[in-house]
Amino acid sequence: MLFSALTIISKWAIPLLLLFIPLYGFFKKVPVYESFVAGAEEGFSTAVKIIPFLVGMMIAISVFRASGAMEYIALLLNPLTAKIGAPAEILPLALMRPLSGSAVLGMASELMRIYGPDSFIGRLASVMQGTTDTTFFVLTIYFGSVGIKKYRYAVFTGLSADVTGFIASLYICNLLFR
């Protein structure tokens, strides 16, 4: 009963929001279409402003991967992570996650192709995808687009969240799938 109610709610949530928000604005005497166009124009100018930051981030990620630094760091961390039950195959994914979501998606897909989606490594990669964010990407793009220059506390907080997400993913997957 609860599952079918959630299914119905999930099917109708977005269409109802898309109907409710303009109607609410209309009844509040907000020029809905003009407001939408102004927001879209501002969004487009923001997108143009973040292009240099995006290009810089993509180049940095490519250099990091091509230099072999990611594999070297994973090799250095392997003795520590082996003690907490993290497979060595998952370390490059954990290291790349704060940098690039699309790179990690490719790595996770490759791990699932090799080990299977129902393997421990495949499940751990999937859970890690949902528990952490692309910290440096977010800081570079979003902070850069609005001109924030001092974000050291945001870096510390984001990386702490990434480590916490990795440990929580590992704990939950070990608890549920081993």
To the nearest 10 degrees, the tilt of helix 101-115 (Cα long axis) against the first principal axis of the alpha carbons of the chain is 50 degrees
Using the number of other C-beta atoms within 10 angstrom as an exposure proxy, rank 7, 140 with the fewest first. 7, 140
Treating only the Cβ of Lys, Arg, Asp and Glu as charged (+1, +1, -1, -1), what charge dipole size does the chain show about its Cα centre? Round to the nearest 20 debye. 300 debye
Using a Förster distance of 35 angstrom, determine the FRET efficiency expected from the C-beta separation of residue 67 and residue 41, and round it to 0.05. 0.30
Go through the range 47-58 residue by residue and turn each phi into a ³J(HN,Hα) via Karplus (6.51, -1.76, 1.60, θ = phi - 60°); whole Hz please, and just put x for glycine and proline. 4, 5, 5, 8, 4, x, 5, 5, 4, x, 5, 5
Among 156, 136, 20, determine the one that fluctuates most according to a GNM of the chain built with springs between C-alpha atoms less than 10 Å apart. 20
How do 45, 109 line up, fewest other C-beta atoms within 10 Å first? 45, 109
Relative contact order [Cα under 8 Å, 6+ residues apart], the chain, whole percent: 20 percent
Structure-based [θ]222 nm, the chain - -39500 (n - 2.57) summed over DSSP H runs of at least 4, per residue, nearest 500: -26500 deg cm²/dmol
Compactness check, the chain: C-alpha Rg relative to the 2.2 N^0.38 Å globular estimate gives 1.32
With residue 49 itself left out, Lys, Arg at +1 and Asp, Glu at -1 over residues whose Cβ is under 14 Å from its Cβ give -2
Against the globular-protein guess of 2.2 N^0.38 Å, express the Cα radius of gyration of the range 41-87 as a ratio, rounded to two decimals. 1.85
Take the chain, connect every pair of alpha-carbon atoms lying under 10 Å apart with a spring to form a Gaussian network, then pick out the residue of 114, 21, 148 with the largest mean-square fluctuation. 21
What is the order of 151, 24, fewest Cβ neighbours within 10 Å to most? 24, 151
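Coordinate-derived values only; no laboratory data. Predicted model only: the values in this text are computed from it and were never measured. Note that each Cβ is placed from the backbone with ideal geometry, even for glycine, and that neighbours are counted across all protein chains shown.
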